[in-house]
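Written out below as structure tokens is the structure these notes cover.
The values are calculated or read from the model by the stated rules, or taken from the named source; none is laboratory data. Keep in mind that this is a model prediction, so the values were computed, not measured. We place every Cβ from the backbone using ideal geometry, glycine too, and count neighbours over all the protein chains shown. In case anyone asks, the SASA skips ligands and DNA or RNA and just uses the protein heavy atoms, side chains included. Shrake-Rupley method; radii C 1.70, N 1.55, O 1.52, S 1.80 Å.
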Amino acid sequence: MKPSDLLPQEFAGHFATYINQVSNEYTLTEELEISVHRLIKFVQNIPMDKFDYRYAEGKWTIKDIIQHLIDAERIFAYRALRFARNDKTALPGFDENDYVDAVQANNRSIQDLLTELAVVRQATLSLFKSFSTEELLRTGTASNNPMSVRALGFTIIGHQNHHQRVFEKRYLD
């Protein structure tokens, strides 16, 4: 199952920004596994003085963004679990800025954040590997938008890829 298999009705248009950043080279579970290693290796090569850097007033640091990736992945995986289990309850959105403000990621070490990211991804990978084809095709509603389980998986990857590109363009130039 690859991103090109997704149908337009499986996700809201604004998620295309993320889904379009996922390569068709690998399957969903392959890319869930590969992409986290790619990001961790990338982050480990960032100079230490950049982790607390903000490229503009009010912008997040690299540590903030990594914590944001962790939180968003947990939320997307939770949504996937609910939808895969045929839960028809409409799920609310979340304010990413409130989450970042509440957690104070800049007080954590970069290694601690990367370890948590890896652990969360391992749980996400196990979850997605457990889904049958039928479960991956199930849909639910989150933030007032329809979303399939498999689209959530590709969103997790694309969201990570998006932020890695932000690191490259805004933090490392």
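Taken over region 33-69, residues that are under 14 Å from the mean Cα position of the chain (by Cα) and among the basic types (Lys, Arg) amount to 1.
Could you list, in sequence order, all residues of region 30-43 that are in contact with a helix residue (DSSP H, G or I) (Cβ under 7 Å, 6 or more places away or on another chain) and open to solvent by 40 Å² or more (accessible area, probe 1.4 Å)?
Those that are in contact with a helix residue (DSSP H, G or I) (Cβ under 7 Å, 6 or more places away or on another chain) and open to solvent by 40 Å² or more (accessible area, probe 1.4 Å): GLU33, PHE42.
Consider region 15-29 and keep the residues that are in a helix (DSSP H, G or I) and in contact (Cβ under 8 Å) with a residue 60 or more places away in the chain. The one that is most open to solvent (accessible area, probe 1.4 Å) is THR17.
Among residues of region 95-118 that are of a type in the set (A, V, I, L, M), those with a Cβ under 8 angstrom from a residue that is outside any helix (DSSP H, G or I), sequence gap 6+ or separate chain, pair up as VAL100/TRP60; ALA105/THR61; ILE110/PHE51.
Can you confirm whether region 149-164 contains a residue that is out of contact with any Leu (no Cβ under 9 Å at 6 or more places or on another chain), open to solvent by 30 Å² or more (accessible area, probe 1.4 Å) and among the β-branched types (Val, Ile, Thr)? Looking for residues that are out of contact with any Leu (no Cβ under 9 Å at 6 or more places or on another chain), open to solvent by 30 Å² or more (accessible area, probe 1.4 Å) and among the β-branched types (Val, Ile, Thr), one finds none in region 149-164, hence no.
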